[in-house]
Each structure stands twice: as C-alpha cells, then as structure tokens.
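The values are calculated or read from the model by the stated rules, or taken from the named source; none is laboratory data. Nothing here was measured: the structure is a model prediction, and the numbers come from that model. Note that we place each Cβ from the backbone using ideal geometry, even for glycine, and neighbour counts take in every protein chain shown. SASA here: full protein model, heavy atoms, side chains in, ligands and nucleic acids out. Shrake-Rupley method; radii C 1.70, N 1.55, O 1.52, S 1.80 Å.
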Amino acid sequence: MFDKEALEILLVKKKKTKTELAKHLGINEATLYRKMDGQSEWKRNEMLLTAQFLDEPDLTAIFFKE
C-alpha cells in the first residue's frame with residue numbers, strides 16, 4: 001500500500017512540489033494525483049525517479065507501506 005501522507009511530508013521537507021515531481025517523472029499532474037490516490041499503479045521506474053528527485057536512497061516505506 002502506498003503512503004500518500006509520507007510522500008507529501010517528504011516533498012514539503014525537501015521543498016519540492018507535486019508539479020515538479022510530475023515533470024521529473026514525465027507525467028502530467030492528473031496522472032500523479034491518480035497514483036498518489038491509489039487509483040493508478042506506480043511503475044518501478046517512477047519509484048526510482050521519485051527517490052532520485054527527492055535525493056533519498058530508499059523509499060520502500062512509502063511505496064510499500066504495511
């Protein structure tokens with residue numbers, strides 16, 4: 001299960017926006033919002049690009065919340 005709140009907190013902490021993240025992922029904002037709301041699956045490369053964008057080596061806790 002995806003932890004939307006944890007990603008939003010990390011974006012704020014890193015002073016990044018969802019718009020910037022969507023652009024980095026090469027998707028539009030609506031697609032990002034669907035992913036964050038659990039309506040669409042995250043692809044592996046999108047997870048890796050998100051970690052790169054946020055300069056975080058491991059986002060397992062966010063993408064695979066128990």
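Here are the numbers:
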item	result
Per residue solvent-accessible surface (Å²) - the chain, probe of 1.4 Å	70 Å²
Rounded FRET efficiency, nearest 0.05, which uses the C-beta distance separating K13 from L49 and R0 of 22 Å	0.75
Average Cα contact separation per residue, the chain, under 8 Å, 6 or more apart, as relative contact order %	50 percent
Lysine pair number, Cα distance threshold 18 Å (strictly under), the chain, separation 8 or more or different chains	18
The chain - percent of accessible surface contributed by carbon and sulfur, probe 1.4 Å	51 percent
Fraction of alpha-carbon pairs over 20 Å apart in the chain - percent	12 percent
